[in-house]
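A.B. asks: Below are the structure tokens for one structure; questions will follow.
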Amino acid sequence: MLRKIALVIFFLMVAVSHAGAQGPKIQITSPHDKAQVPERPFVEGTIAVPLAKVWVIAHPMDGSAYWVQPRARVSIGDLTWKAKIYIGRPGTLDVGKEFEIMAVANPIRELKEGDVLSGWPEAQWKSEVIKVTRK
């Protein structure tokens, strides 16, 4: 029990020290803005706080739905995250279409893969939005 408490205190201290740092708290590092991506690309990034819950949201530019993708796996060691997401529907129907992608950390409302939202979710931290084209 004491060990668990010590670990929680340690991670909170690390989180507080990172939270004061300059710069974005969450970033998408791959793919880059305006990239062409396959139906199931990996989206990768960095997060300034360990133990964050990171989700990726995809929004087709020709639609109003914001699709919650599979939860990202966060590496506590180097504060990176990675998720394999869906860009459009299976097959060739969405080839050539543009999508926006945003990563969010510690959403205010519980998210789950497959949720369809009417806008970007509220979260403790949000990345910049990138635009990609399905190839």
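A.B. asks: Can you tell me which residues in region 100-120 are under 10 Å from residue 57 (Cβ atoms) and either crowded, with 18+ Cβ neighbours inside 10 Å or free of Cβ contacts under 8 Å to residues at least 60 places away in the same chain (or both)?
C.D. replies: Listed by number, the residues that qualify are 100, 101, 102, 103, 104, 107, 111, 115, 119.
A.B. asks: Among the residues of region 33-64, write down those that are of a type in the set (A, V, I, L, M, F, W, C), surrounded by 12 or more Cβ atoms within 10 Å (Cβ to Cβ) and closer than 22 Å to residue 131 by Cβ. Walk me through how you get there before you give the answer.
C.D. replies: The first filter runs over region 33-64 and keeps only residues of a type in the set (A, V, I, L, M, F, W, C), leaving 35, 37, 42-43, 47-49, 51-52, 54-58, 61.
With the extra rule that they be surrounded by 12 or more Cβ atoms within 10 Å (Cβ to Cβ), the set shrinks to 35, 37, 42-43, 47-49, 51-52, 54-58.
Listed by number, the residues that qualify are 35, 37, 42, 43, 47, 54, 55, 56, 57, 58.
A.B. asks: Next up: I need every pair where a residue in region 36-65 that is at pLDDT below 95 has its Cβ under 6 Å from the Cβ of a residue that is part of a loop (DSSP other than H, G, I, E, B), sequence separation at least 6 or different chains.
C.D. replies: Cβ pairs passing all conditions: 50/76.
A.B. asks: Scan the strands (runs of 3 or more DSSP E) fully inside region 50-135 and keep the ones with 1 or more residues being closer than 17 Å to residue 40 by Cβ. Before the answer, list the steps.
C.D. replies: Details: elements: 54-60, 66-68, 73-75, 80-84, 98-107, 123-126, 130-134.
Correct list: 54-60, 66-68, 73-75, 80-84, 98-107, 130-134.
A.B. asks: Residue pairs, Cβ under 8 Å, 6 or more apart or interchain, first in region 67-93 and under 14 Å from residue 56 (Cβ atoms), second of a type in the set (Phe, Trp, Tyr) and part of a loop (DSSP other than H, G, I, E, B). List them.
C.D. replies: Pairs that qualify, where the first residue is under 14 Å from residue 56 (Cβ atoms) and the partner is of a type in the set (Phe, Trp, Tyr) and part of a loop (DSSP other than H, G, I, E, B), are 67/86; 69/86.
The values are calculated or read from the model by the stated rules, or taken from the named source; none is laboratory data. Given the structure is predicted, the values throughout are model-derived calculations rather than measurements. Glycine also receives a Cβ, built like all others from the backbone with ideal geometry; neighbour counts cover every protein chain displayed.
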